[in-house]
Amino acid sequence: MARRSDLGSGVVAIPGTTATHVVRAALRGKRFRVGDYVVQILLLMTLMIALGVLVVLLGNVAIRGVPVLEQRGTNFLTTTNSTLPFLAGVKQGIIGSLELLVIVLIFAIPLGVGAAVYLEEYAKDTRLNRLLVTNVRNLAGVPSIVYGILGLIIFVEFLKPLTGGLTVISGGLTLAVVVLPIVIITSSEALRAVPNSIREAGFGVGATRWEVIRSHVLPSAAPGIFTGAILTLARAIGETAPLLLVGALLGFFAPGNVGFWGQLRGPYTSLPTLIFSWSTQPNPDFRNLTAAAIIVLMAVLLTVNAAAIVLRNRYERKW
Amino acid sequence: MAQVAIAAPKRLTAADLAGSARRRRKERAIRIAFLSAAGFSILVSALIVVSLLGKAVQFLTLVHPAQLLAGGWFPRQGDFGISTLLAGTLIVSAIAMLVATPLGLGAAIYLSEYARPRARRTLKPILETLAGVPSVVMGFFALNVISPRLIQALFGRATSIFSLAAAGIGVGILVTPLVASVAEDAMFAVPRTLREAAYGLGAKKRVTSLRVVFPAAISGIVAALILGVSRAIGETMVVAIAAGATGGALFTLNPLHYGQTMTTAMSSLAIGSDAVGGNSAAAAFPSLFFVGLVLFALTLLLNAAANRFVRRVRRRY
Amino acid sequence: MSESGEYMDAPTVTRSDPSERSIHLERRGRERPEEVLEDASFVFEIKDLEVSYGGVQAVRNVSLNVYENQITALIGPSGCGKTTVLRCLNRMNDLIDGARVEGTLRYHGVDLYEAGIDPVEVRRRIGMVFQKPNPFPKSIYDNIAFGPKIAGFKGNMGDLVEESLTRAALWDEVKGKLKTSATELSGGQQQRLCIARCIAVQPDVILMDEPCASLDPIATLKIEELMYQLVSHYTIVIVTHNMQQAARISDRTAFFTVEVEDDGHRVGTVVEYDLTDHIFTNPKDPRTEDYVTGRFG
């Protein structure tokens, strides 16, 4: 007999799916055993399709891009952009992406972890604090290009004296705002995973809240926070849309402003922006070049992700 | 053994229990610092609205209402048919969800109900890797592989290389991991006791997973789909690369046609150069903000709806 | 709500002879004459204590005095507020959202809840050992050293650590491995470590919330013997589900029960508070008698 307490708690009332029907139908025929396997295969197929897409994508990119890299070698990485595919390189993209990344790190991590600490450790369950949490969740769902508008109005125009206008600083700040909600959410999860017994133990010996957080909660949550931060950075590396509104250039620089400091103070670009630019070029030779640039980008991303996984595994076994 | 004295006088005063004022002041300052960090997120929300509103309103003052009903979106010519962009967004998102729903939910059900721990450990990272593919890469893939090998193969070489359909499929692949992950969390949250009750009644795995666990997790699954739609609507680069139409687009409901969505209309305006003079051109750039406002409002509504469904899941368990 | 299992299932009490009206008291040779017990001074004076969580009353009408250098046990079935009251004594309930404490609670004459009292300082002086041992995920040494360090201890930390571990009857077992992780110790050792950690900040009261609940009988025995030694230096208040334990080790016992209101809502309160001897051999309230003789609970 079905006990109401077991099935009644979570099952939404959908006609025809009460337990007795289930039992009757299930007991009715052995043919359902085949059905079970078929379903399992179908479901597995969906995962295989996802895997297959990934393989085809990487394969296609590899086929087009590897010859270019073989042919050009490190020259590809060290030359600047050009209208001629055979002379174009990703140097400016790499420099720009690096500079953006540093700015994102400086701003998004402290602000994000700090907000998470407040939400998880200090905030009482009041309406204001629930509003904060909902707000963060909403921000995480805002399309990244809308953040570009914020970047344009606030960082490029309003804060022009500080950022210099259409510079990599504005770009970096914009990206920082894009990834901030994600940092807050992942850090919150890491903090929540710390067992409450540790906090009680800390309070029990007469520690203040900050002392408990600093000495026990943050160290425990550090691996999770760190992993979340790295994955966030990976996301920031791949972002393009908001940068288009805050000055990332698609076109070609004058030979002067190319180096590290040049891009810091003036026009800049990023690796994904270059990829976007090249993929829309009518010249078919750019297609293989784009693939090569994608390989560079994916290599960077895979390294970052691998680092995150390795670090996570290493720290999870600590105590 | 070292002799350590215990300080425990028989009678205390309140001053003895007052603690260190310095320590308390430090605590207060630190608390305020953390509160500011949290408050910054509210500031961001406010700034988004402020940034959008100013020029969006300006746009509306510059255009004649009739322009908004134009049959196409050609901002530099003064055609601001918002319905064109809405249609484009709708087509891309619909196709994206046609891809992401079966793939995402299928993967979620498999991972949550069928996969053995070893399989799960190898398959989940695959999904996570797919989630990490940058959208420009997916755009390249959509233009150079999906479009020729799928769309043109199916519908003939006469169709355009740029199509909303190719972009839609690309977006769908990008959204799949999000749908899969949220749906899987929802199904994972269904208590074991529910499954065991069904097995105890003699139900097979397929029956249990489809007719017991799935309906029990329905709130979370709906949330996953809504979040998927929201993400699909907000996607820019895949559509920018694969759907063409940088100067503008005609209203079309044909997915095989090139077109623009709200997001690519914005990106086109951002990177384009204004060559045409005249009053219409003055309204061109501000239209970026107007479209942004509509986009922001739309995704906000969707996310709020999704959150309500997520809260229903939490309350249940 | 309390972390320490306010709503656990009631334990079953084994009774060998249903006709017996009292429990055989195994005092292990530490009986202290009543006159000595009566002569001690108060550490805590509790009068009309009332606790509510989020507006819902959880505990009321609690009045009892805790005597210095004695073991006071709080016993009673689950959910009747013993842990809640215990946590009031060191203001741990402050950490729970929506907890309100009313009534008078004096510690050495000072009202613990008056303005200007720093709960951090209160918790240094009134230590707590929890139901499930909760060592920090750090080394044994760091576990002990944490409290004194933040309290501003300027002396020789190594000596203090050794002293604390010795008083907690753990020094001999860990003296060679102070830098190893505390989580590698056995359950009983971890609990003694928690006691040592508590001692290190030089409190004068140790509160224990069912400290042996997750330990095996041998570890439990060790802790009980430790308590006999500790009580000469500290005042101990212990919440326990184990009636026999209370009978064995405590000098005074307070029996809690739960009263059900008309609307079904349950409030905990103290029924009887007396010398342990009296509670178990000659209880005044029939509810106490029912509980200690095992007729219910």
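None of the figures in this text is laboratory data; all of them are computed from the coordinates on show. Predicted model, so just to flag it, every value in this text is computed and none were measured. Quick reminder, even Gly has a Cβ in these numbers, built from the backbone with ideal geometry, and neighbours come from all protein chains shown.
Across segment A:183-188, coupling constants 3J(HN,Hα) worked out from phi with the 6.51/-1.76/1.60 Karplus curve, θ = phi - 60°, read 4, 4, 5, 5, 5, 4 Hz, and Gly and Pro carry x. Annotation for segment C:192-248 versus segment B:31-88: alpha-carbon center distance of 65 Å. Restricting segment C:98-166 to GluC sites (Glu not before Pro) that sit in a DSSP loop and have at most 13 other Cβ atoms within 10 Å of their own Cβ leaves C:GLU114.
Take each residue in B:21-27, count the other chain C-beta atoms within 10 Å of its C-beta, and the mean is 3. Based on DSSP H segments of at least four residues, each scored -39500 (n - 2.57), chain C has a per-residue ellipticity at 222 nm of -9000 deg cm²/dmol. Backbone phi angles across segment C:246-262, fed through the Karplus curve with coefficients 6.51, -1.76 and 1.60 (θ = phi - 60°), yield HN-Hα couplings of 4, 5, 5, 10, 8, 8, 10, 9, 10, 9, 9, 9, 10, 10, 9, 6, 4 Hz in residue order; Gly and Pro are listed as x. Simple rule: put +1 on each Lys or Arg Cβ and -1 on each Asp or Glu Cβ in segment B:22-62, find the dipole, and look at B:ILE42, B:GLN58, B:ALA29; the Cα lying farthest toward the positive end is B:ALA29.
Amide H contacts under 5 Å for C:ALA58: C:VAL51, C:SER52, C:TYR53, restricted to partners 5 or more places along the chain or on a different chain, H placed in the peptide plane at 1.01 Å from N.
In terms of the mean number of neighbouring beta-carbon atoms within 10 Å, the peptides C:248-255, B:121-128 order highest first as C:248-255, B:121-128. In this structure the amide hydrogen of C:THR235, modeled in the peptide plane, comes within under 5 Å of the amide hydrogens of C:ASN69, C:VAL205, C:ILE206, none closer than 5 places in sequence on its chain. Among the trypsin sites (Lys or Arg not before Pro) in segment C:91-155, those located in a DSSP loop and surrounded by at most 10 other Cβ atoms within 10 Å of their own Cβ are C:LYS154. Projecting the Cα positions of C:VAL59, C:HIS265, C:GLY158 onto the charge dipole of chain C (unit charges on Cβ atoms of Lys, Arg, Asp and Glu, taken about the Cα centre) puts C:GLY158 furthest along the positive direction. Look at the dipole of segment B:65-316 built from charges on Cβ: of B:ALA165, B:ALA249, B:ALA265, the Cα furthest out on the positive end belongs to B:ALA165. A Cβ-based charge dipole, computed about the Cα centre of chain C with Lys and Arg at +1 and Asp and Glu at -1, lands at about 1040 debye. Applying the Karplus relation 6.51 cos²θ - 1.76 cosθ + 1.60 with θ = phi - 60° to segment C:173-182 yields 3J(HN,Hα) values of 7, 10, 4, x, 9, 5, 8, 7, 5, 5 Hz, where x marks Gly and Pro. Quick check: the distance between the Cα centres of segment C:110-181 and segment A:116-160, to the nearest angstrom? So the separation of the two Cα centres works out to 40 Å.
Each Lys and Arg Cβ is given +1 and each Asp and Glu Cβ -1; about its Cα centre, the protein assembly as shown then shows a dipole of about 3020 debye. Take the cross-link list C:LYS47/C:LYS222; C:LYS47/C:LYS82; A:LYS91/A:LYS160 and give me the ones stretching past 24 Å between alpha-carbons. The answer is C:LYS47/C:LYS222; A:LYS91/A:LYS160.
Output the pairs from B:LYS26/C:LYS154; A:LYS124/C:LYS177; B:LYS124/C:LYS177; B:LYS26/C:LYS138 with a Cα-Cα distance over 32 Å in this structure; if there are none, say none. From the list (B:LYS26/C:LYS154; A:LYS124/C:LYS177; B:LYS124/C:LYS177; B:LYS26/C:LYS138), the Cα-Cα distance tops 32 Å for A:LYS124/C:LYS177; B:LYS124/C:LYS177.
Other protein chain C-beta atoms within 10 Å of residue C-beta, averaged over C:118-127: 6. Here's how it looks for C:GLY109: its modeled amide H is under 5 Å from those of C:GLU45, which are all 5 or more places away or on a different chain. For the segment A:228-239, counting C-beta atoms of other chains within 10 Å of every residue's C-beta and taking the mean gives 2.
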